[in-house]
1. Condition first: surrounded by 11 or more Cβ atoms within 10 Å (Cβ to Cβ) and assigned to a loop (DSSP other than H, G, I, E, B). Now tell me which residues in segment 1-21 satisfy that.
2. Of the residues that make up segment 110-119, is at least one on the phi > 0 side of the Ramachandran plot, surrounded by 12 or more Cβ atoms within 10 Å (Cβ to Cβ) and either modelled with pLDDT of 95 or more or in a helix (DSSP H, G or I) (or both)?
3. Which condition from (1) surrounded by 14 or more Cβ atoms within 10 Å (Cβ to Cβ); (2) in a helix (DSSP H, G or I); (3) modelled with pLDDT under 95 is the one that residue 24 breaks?
């Protein structure tokens, strides 16, 4: 299946990568967490989930924080992460020409809402 192949490729490419900055860690972790979930790697999923939760309060960059929150919400279906993700992302919907990265996060959050059968705010 294509999803499994892609998840395995993510693990091969990023599984041992050590990011030096919060921004890079957010990007790498947000790729790895869904891959672990999809592949049923429960121990790695739980370990990375705990790491992402612990770093969340320290991440101040809005787009990095949004990426973490959208990923946490999408992988856990947590009402708290859903609310927090919408609090960061929803104001971007009103911007006249948001950056491509913001549009990507808006779409990703909408996808999570749809997949998890939540009303899109």
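1. The initial filter retains those residues of segment 1-21 that are surrounded by 11 or more Cβ atoms within 10 Å (Cβ to Cβ), namely 3-4, 6-11, 13-15, 17, 19.
Listed by number, the residues that qualify are 15, 17, 19.
2. We begin by selecting, within segment 110-119, every residue on the phi > 0 side of the Ramachandran plot; these are 117.
Those still in the list that are surrounded by 12 or more Cβ atoms within 10 Å (Cβ to Cβ) too: none.
No, segment 110-119 contains no residue that is on the phi > 0 side of the Ramachandran plot, surrounded by 12 or more Cβ atoms within 10 Å (Cβ to Cβ) and either modelled with pLDDT of 95 or more or in a helix (DSSP H, G or I) (or both).
3. In the conditions (1) surrounded by 14 or more Cβ atoms within 10 Å (Cβ to Cβ); (2) in a helix (DSSP H, G or I); (3) modelled with pLDDT under 95, residue 24 misses (1) alone.
The values are calculated or read from the model by the stated rules, or taken from the named source; none is laboratory data. Note that the coordinates shown come from a computational prediction; the quantities given were computed from them, not determined experimentally. Positions of Cβ are generated from backbone atoms using ideal geometry, with glycine treated the same way; all protein chains shown enter the neighbour counts.
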